[in-house]
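Asker: Dropping the structure in here first, questions after.
The values are calculated or read from the model by the stated rules, or taken from the named source; none is laboratory data. As the structure is a computational prediction, the values presented were derived from the model and not from experiment. So basically every Cβ, Gly included, is an ideal-geometry build from the backbone, and we count neighbours across all protein chains shown. To get the accessible areas, we keep the full protein, side chains included, count just its heavy atoms, and leave off ligands, DNA and RNA. Shrake-Rupley method; radii C 1.70, N 1.55, O 1.52, S 1.80 Å.
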Amino acid sequence: MVKRFDGREYNEIRKINIKLNVVDNARGSAIFSFGDTVALAAVYGPKPSKMSLDYKKAFLRVRYNMLTFSTPERKKPTPGRREIELSEVIKRALEPALLLEEIPGSIVDIYIEILNADAGTRTASINAASLALSLSGIPMKDIVVALAVGKIGEKIVADLNKEEEDYDSEKLKKDHEKSKYIEYYGEGRATDIPVAIIPSEKRFTLIQLDGEISNKELNDSLNLALEKALEIKNLMKNNILKHLSSDNFIY
Ligand code: ADP
């Protein structure tokens, strides 16, 4: 029976790989991957800052960057509009989970590098940053968990890869090898919905939508995201607990 391009079920996320405290001089760092999409996040601070002296809470800065060799065609090294926007999107997704009022007058920097990109880099970045933040001791009420859900053709799926994000049944009809996938996904193009969730509150801190979708399908997609976010949270939490109880952790 035909399944997704890479053989997954509709609700199956790509293989998750987590590595913790990979950058020596950062307060906390992590690598999070969804299949071939690999994000590295490093947290520096909190450090005193003049920028935040007037505020009652710490100032959060996020920089998202895709490395030039992270995509099949070499990407320009200078940060483009997309990277500036994604830095802001990721910051807004993380901030509601952080208790920045507990560390006023300081600044927290999060640097994110995409080592390899196959769609879902903002969601992998949010997960890597959440892990790095939790290791860095920045006060948080929960970890933020992110993933993309969406509609490909007529099918609701979890965690789209690049080939799925680019889905177009009209184009596939001309491709002898791939046209069989129309039987699985159906007619149409792809709608990508990256989301971030604070699992303990079932609160969405990010919902973006690129494409078209009905209210019912959006509802089904968000329910699928919530279910999968809980699974990812458990995996992230277990990795942190294992790391903290191992010899790797020197306090
Ligand atoms: P996300 O990575 O969060 O899904 P986008 O929808 O903007 O964000 O990008 C989807 C995918 O398109 C990326 O993960 C990457 O594989 C590819 N991509 C994005 N920007 C570039 C670029 N400048 N050069 C090459 N590939 C890119």
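Asker: Using bins 10 angstrom wide from zero, how does P(r) for region 45-155 break down, in % of all Cα pairs?
Answerer: Distribution as computed: 14, 40, 30, 13, 3, 0 percent.
Asker: Given labels modelled 7 Å from the Cα in the Cβ direction, how far is it in nm from Asn25 to Lys141?
Answerer: For the pair Asn25/Lys141, the computed spacing is 3.5 nm.
Asker: Continuing with the same structure: With every protein chain left in place, what is the accessible area per residue of region 2-142 in square angstrom, probe 1.4 Å?
Answerer: 48
Asker: Right, something else. For the chain, what is the calculated [θ] at 222 nm in deg cm²/dmol (nearest 500), taking -39500 (n - 2.57) for each run of four or more DSSP H residues and dividing by its residue count?
Answerer: -9000 deg cm²/dmol
Asker: In terms of Cα to Cα distance under 18 Å, which aspartates and glutamates are near enough to Lys228, apart from those fewer than 8 places away along the same chain?
Answerer: Cross-link targets: Glu9, Glu12, Asp142, Asp159, Asp192, Glu201, Glu217, Asp220.
Asker: Another one. Of the candidates Ala117, Ala196, Ala26, which one comes out as most mobile in a Gaussian network treatment of the chain with C-alpha springs shorter than 10 Å?
Answerer: Ala26
Asker: Relative contact order for region 83-213 using alpha-carbon pairs under 8 Å, separation at least 6, rounded to a whole percent?
Answerer: That works out to 25 percent.
Asker: Only Cα pairs under 8 Å and at least 6 apart count here; give the relative contact order of region 137-220 as a rounded whole percent.
Answerer: Averaging sequence separation for qualifying contacts and normalising by length gives 32 percent for region 137-220.
Asker: Suppose a student asked you for the relative contact order of the chain, using Cα pairs under 8 Å spaced at least 6 residues apart; what percent would you report?
Answerer: About 20 percent, as a whole number.
Asker: With a Cα-only, solvent-free Debye model of the chain, what are the log10 I(q)/I(0) values at q = 0.10, 0.13, 0.17 Å⁻¹?
Answerer: -0.50, -0.81, -1.28
Asker: While we're on this one: Quick one: if you stick a label point 7 Å off each Cα along the C-beta vector at Ile207 and Leu235, how many nm between them?
Answerer: My value for the distance between the label points is 2.4 nm.
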